[in-house]
Amino acid sequence: MELRHLRYFIAVAEEGHIGRAATRLHISQPPLTRQIQQLEEELDVQLFIRTPRGMDLTPAGELLLEEARNIRSVVEQAAERTQRAGQGKLGRLDIGIFGSAILDTIPAILLKFRNDFPEVKVVLHNMGKDAQIAALRQRRIDLGFNRFLDPLEDIVNEIVLTEKLLIALNEQHPLAGQPAVPFSVLQENPLIVFPVGPRPSFIDKVMHMCHQKGFAPHVAQEVGNTLTGVALVASNFGVCVVPESATKLALPGVVYRPIIDPPADSGADLNCIYRSDDPSPLLESFLTTVRTFGEQWVTSYP
């Protein structure tokens, strides 16, 4: 039994007449009659009772009609889902995440994508820079979000947006009541930096900014992530430079202040990384969302 046999059978059953079914199917009557006869022979059952008025279904034919409509529905759904997958509207995306952007930017991007493509399943994997690169090459993830990645031939490194940098201070700090603080606060106080691990990283960014200002900071502690750094600020262990997304960490005892006199190039890029040879329509749909978000973010935060 082939799908065309079911399609022909449904037409005859619904029309109740070979002639009208043939017209509906845009074929002539003789080949349609032969197809119905072949179907009955294959199933070894009579599906229609031939009458002067046309074709009436037998009880077996009634059952087959119900099953044939179900099969047709499944086939149509499969075709539609395949088309949607080919258009990047259906499937699964595995995404690597890391760093402070998970507090703000990345969830906003994911929400926009989910609203635009509700049938796509997004699976998040918390992994650092080296782990993301390895997972991309092993095709365990489709895309990652990270910062400060050296150029790689097989990995595209695309800037999503550039965040402003702020300084996290303990609320008891003498400058905590000011609307903004000078960059020299990093020279005058113990500095907490993050993240420890593969370089280059945000630590190198902070150190370079200090060198631009002509001083070497006193690094009191290197920690693994943003949360630990801000937690140490809350304990009055020192001060910390953070991307704007980190200000979502509302820890008691911590305030975030803009920098009055930031060095040149004092922003922190958030990048998305993906395989350069990945032709996936689903990935392209996600990248379109990412790029649109980045454009809107620039417009909102000039």
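The values are calculated or read from the model by the stated rules, or taken from the named source; none is laboratory data. Model, not experiment: these values are computed from the prediction. Neighbour counts run over all protein chains shown; Cβ positions are idealised from the backbone, glycine included.
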Out of all the residues in region 136-169, which are crowded, with 18+ Cβ neighbours inside 10 Å, over 17 Å from A246 (Cα atoms) and in contact with a Gly (Cβ under 8 Å, 6 or more places away or on another chain)?
-> L136, I141, L143, G144
Give just the number: which of (1) in the same structural domain as S201 (by TED's automatic domain parsing); (2) part of a strand (DSSP E or B) does C272 not satisfy?
-> (1)
Just need a number here: residues in region 192-209 that are part of a helix (DSSP H, G or I), touching a residue at least 24 places away in the same chain (Cβ under 8 Å) and touching a strand residue (DSSP E or B) at 6+ places or on another chain (Cβ under 8 Å).
-> 4
Restricting the first residue to region 155-179 and requiring it to be closer than 24 Å to L251 by Cβ, which pairs with a second residue that is of a type in the set (D, E) meet a Cβ separation below 6 Å and a spacing of at least six or different chains?
-> E163/E244; K164/E244
Which helices (runs of 4 or more DSSP H) sit wholly inside region 1-118 and have at least 3 residues that are over 30 Å from V242 (Cα atoms) and not assigned by TED's automatic domain parsing to the domain that holds V242?
-> 3-15, 18-25, 29-43, 59-86
Selection status of I49, of a type in the set (A, V, I, L, M, F, W, C) and either surrounded by 14 or more Cβ atoms within 10 Å (Cβ to Cβ) or under 26 Å from T226 (Cα atoms) (or both) = no
Output the number of residues of region 219-237 satisfying the condition of being in contact with a Leu (Cβ under 6 Å, 6 or more places away or on another chain) and not in a strand (DSSP E or B).
-> 2
Got a number for residues in region 209-218 being surrounded by 14 or more Cβ atoms within 10 Å (Cβ to Cβ) and within 23 Å of L149 (Cβ to Cβ)?
-> 3
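Results for (1) aromatic (F, W, Y); (2) loosely packed, with under 15 Cβ neighbours inside 10 Å; (3) outside the structural domain of L283 (by TED's automatic domain parsing); (4) under 26 Å from the mean Cα position of the chain (by Cα), shown as yes or no for each residue.
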site: E171; (1), (2), (3), (4): no, yes, yes, no
site: A180; (1), (2), (3), (4): no, yes, yes, no
site: Q187; (1), (2), (3), (4): no, no, yes, no
site: L191; (1), (2), (3), (4): no, no, yes, no
site: P200; (1), (2), (3), (4): no, yes, yes, yes
site: G224; (1), (2), (3), (4): no, yes, yes, yes
site: V230; (1), (2), (3), (4): no, no, yes, no
site: A250; (1), (2), (3), (4): no, yes, yes, no
